[in-house]
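The values are calculated or read from the model by the stated rules, or taken from the named source; none is laboratory data. All values derive from a computational prediction rather than experimental measurement. Note that each Cβ is placed from the backbone with ideal geometry, even for glycine, and that neighbours are counted across all protein chains shown.
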Amino acid sequence: MRSAPATDPITRDDWLLFAVNALGLVWAGIDAALGLGPWSAWACVALTSALYLAHVQWRQRDILKNLLVFGLAAGLTELGADWWLVSKTHTLHYAPWGPFLIDSPAYMPLSWAGILLSMGFLGWVVSRAKGLVVGSAVAALVSGLYVPTFEALAHSAGWWTYDNCNRLGVVPWYIIVGEALIGAAMPVLVSGVVRTGSGFVGWALRGVIAGVWIGVAYFIALSITG
């Protein structure tokens, strides 16, 4: 794969990637309003994952292909963080529907892959234009707002819920803080993913690091917020 050079222009078509994130929010909102049930979470992830893949294939941007590998590796690694939240802290509870991987619905790695694909791309774009500090701040802000909003809708839709922790409404504070920490790390984590020097294995290893950081971020946030 050929990495996107520093002069590679960002076009309006690239930003269609974030329309998939918006669609996910809309889907979760409709489910929350109509009470479609946990099967709808699987349908939501299946649709958005297909759209992410279609966008990556259509754009033929190497950075997006690299980030997809990164996101999938992170999503699989994040299963450990989910196990900790479900079985050890007992703060996260998934609806008992469909096959599970460890303690997570089998769609979770794909869901995380999509989020990290888009957040990683956002962090890269802003950091390239405004510098690492601004890129990290923007990625933290967007992640800290988008994911908790999705979490609130998922709760109302009956996909999963939280208890035994301090919350803002139905969303734990540790999710809000943790997602901001995850977003803030995106520009640094993806800095090597946009290049081809490390190849497939290097992108996947950086994804594993990102998956571990997700668990660390939640641990830090839960320790702070209770």
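Of all the numbered requirements in (1) buried (at least 16 other Cβ atoms within 10 Å of the Cβ); (2) in contact (Cβ under 8 Å) with a residue 60 or more places away in the chain; (3) more than 20 Å from Phe219 (Cα to Cα); (4) out of contact with any Leu (no Cβ under 9 Å at 6 or more places or on another chain), Leu110 misses one, and that requirement is (4). Evaluate the following for Val133: is it more than 27 Å from Asp31 (Cβ to Cβ) and buried (at least 16 other Cβ atoms within 10 Å of the Cβ)? No; evaluated as a whole, the condition is false for this residue.
Residues in the stretch 160-192 that are under 24 Å from Val138 (Cα atoms) and of a type in the set (S, T, N, Q): 1 in all. Taking interchain pairs and intrachain pairs at least six residues apart, which have beta carbon atoms under 7 angstrom, with the first residue in the stretch 35-48 and more than 20 Å from Ala113 (Cα to Cα) and the second among the β-branched types (Val, Ile, Thr)? Within 7 Å, no pair qualifies. Residue count for the stretch 174-219 satisfying the condition of being small (Gly, Ala, Ser), assigned to a helix (DSSP H, G or I), out of contact with any Phe, Trp or Tyr (no Cβ under 9 Å at 6 or more places or on another chain) and under 14 Å from Phe70 (Cβ atoms): 2.
Of the residues making up the stretch 184-194, those that are within 16 Å of Val212 (Cβ to Cβ) and surrounded by 24 or more Cβ atoms within 10 Å (Cβ to Cβ) are Met186, Val190, Val193.
Counting just the residues of the stretch 49-84 that are of a type in the set (Phe, Trp, Tyr) and touching a helix residue (DSSP H, G or I) at 6+ places or on another chain (Cβ under 7 Å), which one comes out farthest from Met119 (Cα to Cα)?
Let us first name the residues in the stretch 49-84 that are of a type in the set (Phe, Trp, Tyr), namely 52, 58, 70, 83-84.
Still in the running and touching a helix residue (DSSP H, G or I) at 6+ places or on another chain (Cβ under 7 Å): 52, 70, 84.
Values: Tyr52: 13, Phe70: 12, Trp84: 24 Å.
Filtering first and then ranking leaves Trp84.
Exactly one of these conditions fails for Pro96: (1) modelled with pLDDT under 90; (2) in contact with a helix residue (DSSP H, G or I) (Cβ under 6 Å, 6 or more places away or on another chain); (3) more than 28 Å from Gly199 (Cα to Cα). Give me its number. In the conditions (1) modelled with pLDDT under 90; (2) in contact with a helix residue (DSSP H, G or I) (Cβ under 6 Å, 6 or more places away or on another chain); (3) more than 28 Å from Gly199 (Cα to Cα), Pro96 misses (2) alone.
Selection of the stretch 152-173 for residues being of a type outside the set (Ser, Thr, Tyr), part of a helix (DSSP H, G or I) and out of contact with any Phe, Trp or Tyr (no Cβ under 8 Å at 6 or more places or on another chain) yields Ala152, Leu153, Ala157, Trp173.
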